[in-house]
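Engineer: Below you'll find the structure I mean.
The values are calculated or read from the model by the stated rules, or taken from the named source; none is laboratory data. All values reported here derive from a predicted model rather than from experimental measurement. Every residue, glycine as well, gets a Cβ built from its backbone with ideal geometry; the counts of neighbours run over all protein chains shown.
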Amino acid sequence: MDLHHPLLKEFPEYRETIQFLKVSDAEFRQKFDEYHKLDDAVCRIEEQVDFATDQETDELKMKRARLKDEVYRIVTKAGVKAPTGR
C-alpha cells in the first residue's frame, strides 16, 4: 500500500502546469514544498517511524488536505492540462 500522496501523482493531468509553477511562482513553490513535508510527516507516523497522538495525526492530515485544495485551485486557475494520451 502506497502511503505517499505526491502532487504529481495526485494530479497527473496537470504535471506540466505544476512543474512550470514550481519554477515560476515562489508562493506556489512554498505550498508545494510544505505539502510534501506534511505528506512525509504523515507517512512516517503511519509507518510507525515517528509517533504522534491521533489528534496530532488528524491535524497533520487536515493541513495536508487544505494545502492540496489550495494547490489544486492554483493549478486549475493557471490552467493548462497535459494533452490526453501522454
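Engineer: Output the residues belonging to the stretch 43-79 that are surrounded by 12 or more Cβ atoms within 10 Å (Cβ to Cβ), of a type in the set (A, V, I, L, M, F, W, C) and either in a loop (DSSP other than H, G, I, E, B) or at pLDDT below 95 (or both).
Structural biologist: Matches in the stretch 43-79: C43, I45, A52, A78.
Engineer: So the check is Cβ under 8 Å with 6+ separation or different chains; which pairs have a first residue in the stretch 55-79 that's among the aromatic types (F, W, Y) and a second one that's surrounded by 12 or more Cβ atoms within 10 Å (Cβ to Cβ)?
Structural biologist: Y72/F11
Engineer: Residue by residue through the stretch 2-24, note down the ones that are part of a loop (DSSP other than H, G, I, E, B) and in contact (Cβ under 8 Å) with a residue 40 or more places away in the chain. Talk me through it step by step, then tell me what you get.
Structural biologist: Pass one, the stretch 2-24, residues part of a loop (DSSP other than H, G, I, E, B): 2-6, 11.
Within the stretch 2-24, L3, H5, F11 qualify.
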